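The values are calculated or read from the model by the stated rules, or taken from the named source; none is laboratory data. Computed from a predicted model, the values in this text were never measured in an experiment. Please note: Cβ atoms are built from the backbone with ideal geometry, for glycine as well, and neighbour counts cover all protein chains shown. Note: areas computed on protein heavy atoms with side chains; ligands, DNA, RNA excluded. Shrake-Rupley method; radii C 1.70, N 1.55, O 1.52, S 1.80 Å.
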Amino acid sequence: MRIKEIIVVEGRDDTAKIRLAVDADTIETNGSAVSKDTLTKIKHAKEKRGVIIFTDPDYPGERIRHIVDQAVPGCKHAFLTRDQARAKNQKNKSLGIEHASIESIRGALQDVYELAEISESEIDKSDLLACGLLGGPQASARREKLGELLQIGHTNGKQLLKRLTQFQITKKQFEQAVQALQQEENDD
């Protein structure tokens, strides 16, 4: 599988794992303090070939994603779930692309999202409350599972509505994902 866009990752281990999964070029941020030089490279890559931001599903990864997205609008986004990015060794608690399976990486890169300028969404805060995605004891776990189902990553309560809007998730897609979430909960 050949990826036309350049993939922004956090480090060398991520690059090595991605190259096992697909034929692609990467730009490494080398941590969450993304330098001006790195942002300049990413801007140039975006103009020439396009960019996919593919960072770890943890706080530093989300911070890098936000920094790059703010500096270089119009990038595409790929996400792994926390389970997909968890180290196989139980003693190692780290999350990262370098721990993901080849299949998970390929799947994430096939299902990239392009952010839209924030417009009106069919989904509002009352929908999130009604579905138990805000404020309840299980809200965080439900948001994490919803993020997996919609492949938009895990978010906190404040960011969920924004991400649903940015990725242009329709009310129908949202309702189908919530139904799938409820079905999983009933099966457990």
* Residue list for the stretch 109-149, filter: out of contact with any strand residue (DSSP E or B) (no Cβ under 9 Å at 6 or more places or on another chain) and closer than 15 Å to LEU80 by Cβ -> GLN110, ASP111, GLU144, LYS145, GLY147, GLU148, LEU149
* To do: Kindly indicate which of GLY107, GLY74 is surrounded by fewer than 18 Cβ atoms within 10 Å (Cβ to Cβ), free of Cβ contacts under 8 Å to residues at least 60 places away in the same chain and under 17 Å from ALA177 (Cβ atoms).
  => GLY107
* Structure fact -> For the stretch 127-156, pairs from a residue that is under 18 Å from ARG65 (Cα atoms) to a residue that is open to solvent by less than 20 Å² (accessible area, probe 1.4 Å) and among the polar types (S, T, N, Q), with Cβ under 8 Å and 6 or more apart or across chains, are GLY147/THR155
* **Residues of the stretch 1-24 classified as open to solvent by 10 Å² or more (accessible area, probe 1.4 Å), under 20 Å from PRO73 (Cα atoms) and either free of Cβ contacts under 8 Å to residues at least 24 places away in the same chain or not in a loop (DSSP other than H, G, I, E, B) (or both), total** => 1
* Structure fact -> The lone condition ASP56 fails out of (1) touching a Gly at 6+ places or on another chain (Cβ under 8 Å); (2) open to solvent by 60 Å² or more (accessible area, probe 1.4 Å); (3) closer than 19 Å to ALA85 by Cα is (2)
* Going by the structure shown, is GLU114 open to solvent by 50 Å² or more (accessible area, probe 1.4 Å) and within 12 Å of the chain's Cα centre (by Cα)? -> yes
* With respect to the numbered conditions (1) in contact with a His (Cβ under 9 Å, 6 or more places away or on another chain); (2) on the phi > 0 side of the Ramachandran plot, which one is the sole condition not fulfilled by PHE79? -> (2)
* **Residue that is nearest to GLY147 (Cα to Cα) [pool: residues in the stretch 59-71 that are open to solvent by 40 Å² or more (accessible area, probe 1.4 Å) and touching a residue at least 40 places away in the same chain (Cβ under 8 Å)]** => GLU62
* Asked: Here are some residues: ILE123, ILE152. Which one is over 30 Å from LEU20 (Cβ atoms), in a loop (DSSP other than H, G, I, E, B) and of a type in the set (A, V, I, L, M)?
  -> ILE123
* Structure fact -> Across the stretch 30-53, the tally of residues that are under 12 Å from VAL72 (Cβ atoms), touching a residue at least 24 places away in the same chain (Cβ under 8 Å) and open to solvent by less than 70 Å² (accessible area, probe 1.4 Å) stands at 9
* To do: Please work out if GLU184 is open to solvent by 30 Å² or more (accessible area, probe 1.4 Å), more than 20 Å from the chain's Cα centre (by Cα), farther than 26 Å from LYS17 by Cβ and touching a residue at least 40 places away in the same chain (Cβ under 8 Å).
  => no
